[in-house]
Amino acid sequence: MLLRIPQVLQPDELAQVRQLILTADWADGRITAGSQSGTVKNNRQLPEELPAAQQARHLVSVALARNPMFVTGALPKSVYPPLFNRYGGGHDTNHFGNHIDNAVRTHAATARHVRTDISCTLFLSEPASYDGGELVVQDTYGEQRIKFEAGDLVMYPGTSVHRVEPVTRGERLASFFWIESMVRADAQRRLLYEMDMAITSLRRKDMAQSVPGSAESSEVVKLTGCYHNLLRMWADV
């Protein structure tokens, strides 16, 4: 499932994150590359231990935790702490060729393992400020070319072949990270997400039509029960 989550970062949070990372000391992006991706990775990355990276990571993590669409779509069991990358900006570090993310990421500071069920990119640059830099994800419907507004997040299966196109003007800043979901299978997560969105929509209609303080309709109660019974069947917690 490829899912867009708009405005994960509010404008003031986005400005804070950008201010923190733009003035920090960046390193070669291959510091976290695997054996395959290291041969096609050509960008810069913010070292995890820098204070600026830690502060920016906290802002992103807080924003993710409060976003109901993110929680519903990902059903996160564990989240690899957000990282930050940079393409273009007058440097010869402007693309990332086709690759698949490592199946398991190990956080160096904590030795904690995260299975990469879901890959995430949070855009930090306005799309009009740079040319190129599209995230291209291959799926059963062909190539999906993604270049969202600053503050928007895209989630896609970690099994996907993907790349970042060369940046030919300006600079592309982003945060990226991985999620180990309570529900490992992408098809099951999709079904649960669509069911939860439908239940939410029905609840809104019920509230608009019912007397304040009245109970939910029997249909909503039954559908909610089905959702939780499926989650109980599939979740690994």
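The values are calculated or read from the model by the stated rules, or taken from the named source; none is laboratory data. Because the structure is a prediction, the values reported are computed rather than measured. Cβ sites come from the backbone with ideal geometry, for glycine too, and all protein chains shown count toward neighbours. For accessibility, only protein heavy atoms count, side chains too; no ligands or nucleic acids. Shrake-Rupley method; radii C 1.70, N 1.55, O 1.52, S 1.80 Å.
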Inset, instruction - Any residue in the stretch 116-135 that's closer than 18 Å to Gly158 by Cα and of a type in the set (Asp, Glu): show its pairings with residues that are open to solvent by 10 Å² or more (accessible area, probe 1.4 Å) and part of a loop (DSSP other than H, G, I, E, B) at Cβ separation under 8 Å, as long as the two are six or more apart or on different chains. - result: Asp117/Arg184; Glu134/Lys147; Glu134/Glu165
Legend entry - the stretch 53-72, residues that are assigned to a loop (DSSP other than H, G, I, E, B) and surrounded by fewer than 15 Cβ atoms within 10 Å (Cβ to Cβ): Arg66
Legend entry - Candidates Leu153, Leu192 - the one that is over 13 Å from Ser119 (Cβ atoms), open to solvent by less than 50 Å² (accessible area, probe 1.4 Å) and either within 24 Å of the chain's Cα centre (by Cα) or at pLDDT below 95 (or both): Leu192
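Name every residue in the stretch 137-150 that is among the basic types (Lys, Arg) and either loosely packed, with under 15 Cβ neighbours inside 10 Å or over 24 Å from Val17 (Cβ atoms) (or both), in order of residue number. Even if it seems obvious, please write down each step before you answer.
First pass over the stretch 137-150, keeping only residues among the basic types (Lys, Arg): 145, 147.
Within the stretch 137-150, just Arg145 meets the criteria.
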Legend entry - Residues (over 27 Å from His58 (Cβ atoms), outside any loop (DSSP other than H, G, I, E, B) and of a type in the set (Ser, Thr, Tyr)) located in the stretch 98-145: none
Legend entry - One residue from Gly132, Gly158 being under 12 Å from the mean Cα position of the chain (by Cα) and surrounded by 17 or more Cβ atoms within 10 Å (Cβ to Cβ): Gly158
Legend entry - From the options Leu83, Leu50, Leu75, residue that is at positive phi, out of contact with any Gly (no Cβ under 9 Å at 6 or more places or on another chain) and buried (at least 17 other Cβ atoms within 10 Å of the Cβ): Leu75
Inset, instruction - Tally the residues that are over 24 Å from Gly88 (Cα atoms), among the charged types (D, E, K, R) and surrounded by fewer than 16 Cβ atoms within 10 Å (Cβ to Cβ), restricting the search to the stretch 161-189. - result: 1
Legend entry - Any chance Phe123 is touching a helix residue (DSSP H, G or I) at 6+ places or on another chain (Cβ under 9 Å) and of a type outside the set (Gly, Ala, Ser): no
Inset, instruction - Among the strands (runs of 3 or more DSSP E) lying completely within the stretch 146-237, list those that include at least 2 residues that are within 30 Å of His107 (Cα to Cα) and touching an Asp or Glu at 6+ places or on another chain (Cβ under 9 Å). - result: 153-157, 162-164, 171-181
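So, Ile100, is that one open to solvent by less than 60 Å² (accessible area, probe 1.4 Å) and among the β-branched types (Val, Ile, Thr) or not? Full working, then the answer.
Details: open to solvent by less than 60 Å² (accessible area, probe 1.4 Å): no; among the β-branched types (Val, Ile, Thr): yes.
Against the criterion (open to solvent by less than 60 Å² (accessible area, probe 1.4 Å) and among the β-branched types (Val, Ile, Thr)), Ile100 does not qualify.
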